[in-house]
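Below you'll find the structure, written out as structure tokens, and then a few comments.
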Amino acid sequence: MRIFTVDSFTDTPFRGNPAAVCVLEQAFTDKEYIDIAQEMNLSETAFVYLENGAYQLKWFTPINEVDLCGHATLATAKILFEKYPLDSDTINFTTRSGVLSVSKAGNRLEMNFPIGKLTVFEGRDKILEAFLNEKPLSVNTDKDWCIIELENEALVANFKPDLNVLLSHDKKAFVITAKSESEDYDFVSRFFGPAIGIDEDPVTGSAHCYLAKYWSEKLSKNKLTGYQASKRGGYVECECLDDDRVLLRGDCVIMSEVLMEWRNHVTINV
């Protein structure tokens, strides 16, 4: 097994969203995945291995497996393109969200993901209002996701969350967002998921599957750039397609590599 750490959705070290990428020779058990993810202690650890000629990709937080992770997928593709001999400029991953492809796109990588479809929540959400300390402009949901539009960019950037409030909510992944006041990007966002072991995620690719469609409809444009206003910060280029897919583009910086001997004992060589 080889382990890498990669900063995703950035071209600058110590920015964007750090992910661990574990390149395996074979599948591990769920317990081993969780143990490694807890050891890496990042929002997501990706596990990739070849099976019958196809790349299998899994994502784990320090607590559990997730259905979709953008920044760890981007990081995995970066590692495979740069550290392993590949015959193609496109990698197809078999995942819990179907087959996902990542292609080289100039100096960036381009992920082809399913677009996120939201339903408007019509009633009042007292837990969210307590969390935000105000009434949001709109609340939109899908499965475990909750996308919340606030009045302006400053409210998103300056928001100080009390994450304990969210633990009693039936949703697990919360995104606050607003229209941009900058010419450099179209919308701004932040992500919180304390129930899944992520207090605040620096840059969340899967959230932009929803944000791309949401802001595309509001701004009447198919190509947008989102800025996630976490402490580390990062940019995600988005393009909504006609087939319920979205292209998410970004760069990565490979930060480190750790070689491990696994199973009977662990020896780490840096």
*What is the helix-to-structure angle for 205-219, meaning the angle in degrees between its Cα long axis and the longest Cα principal axis of the chain, kept from 0 to 90 and rounded to the nearest 10?*
30
*asked:* Cut-off 20 Å, label point 7 angstrom out along Cα-to-Cβ of Thr29: give me the residues of the stretch 58-86 whose amide nitrogen falls inside.
replied: 58-66
*Run the accessible area of the stretch 10-101 with a 1.4 Å probe and give the carbon-and-sulfur part as a rounded percent.*
45
*Give the accessible surface of the stretch 111-269 per residue, rounded to a whole number of Å², with probe radius 1.4 Å and ligands, DNA and RNA excluded.*
49
*Quickly work out the Gln56-to-Asn164 label distance, labels modelled 7 Å from Cα along the C-beta direction, and quote it in nm with one decimal.*
4.2
_Debye calculation, C-alpha points only, no solvent: report log10 I(q)/I(0) for the stretch 24-94 at q = 0.18, 0.19 Å⁻¹, in the same order as the q values._
-0.69, -0.76
_Tail fraction, Cα-Cα pairs, the stretch 40-182, threshold 19 Å, whole percent_ = 62
*With a point put 7 Å past each Cα toward its Cβ, work out how far Lys218 is from Gln38 in nm, to one decimal.*
3.9
*Using only Cα atoms, find the angle between the long axis of helix 30-40 and the longest principal axis of the chain, and express it within 0 to 90 degrees, rounded to the nearest 10.*
80
*With everything on Cα atoms, drop me the angle between helix 70-83 and the longest principal axis of the chain, reported from 0 to 90° to the nearest 10.*
30
*Over the chain, what is the mean sequence separation of C-alpha contacts under 8 Å (at least six apart), divided by residue count, expressed as relative contact order in percent?*
22
_Sparsely packed GluC sites (Glu not before Pro) within the stretch 11-85, loop by DSSP, other Cβ within 10 Å at most 10_ = Glu25
_Additional length obtainable on full extension of the chain from Glu257 to Ile196, 0.36 nm per residue less Cα span_ = 19.3 nm
_Taking the Cα centroid of the stretch 160-224 and of the stretch 111-144, what is the distance between the two, rounded to the nearest whole Å?_
10
*asked:* Suppose the chain between Asp11 and Asp144 were pulled fully straight at 0.36 nm per residue; how much longer would it get relative to their current alpha carbon spacing?
replied: 44.8 nm
*What share of Cα pairs, in percent, lie more than 31 angstrom apart in the chain?*
24
*For the chain, with only Lys/Arg (+1) and Asp/Glu (-1) charged at the beta-carbon, what is the dipole magnitude about the Cα centre, in debye rounded to 20?*
100
_At most 15 other Cβ within 10 Å, DSSP loop - GluC sites (Glu not before Pro), the stretch 102-178_ = Glu122, Glu134, Glu151
*Distance in nm between label sites at Glu134 and Asp184, each 7 Å beyond Cα in the beta-carbon direction?*
2.3
*Do any trypsin sites (Lys or Arg not before Pro) in the stretch 52-156 lie in a DSSP loop with no more than 16 other beta carbon atoms within 10 Å, and if so, which?*
Arg96, Lys117, Arg124, Lys143
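The values are calculated or read from the model by the stated rules, or taken from the named source; none is laboratory data. Bear in mind that the values here come from a model prediction, so they are computed numbers and not experimental data. For neighbour counting, all protein chains shown are included, and Cβ atoms are generated from backbone atoms with ideal geometry for every residue, glycine included. These accessible areas exclude ligands, DNA and RNA; they are computed on the full protein's heavy atoms, side chains included. Shrake-Rupley method; radii C 1.70, N 1.55, O 1.52, S 1.80 Å.
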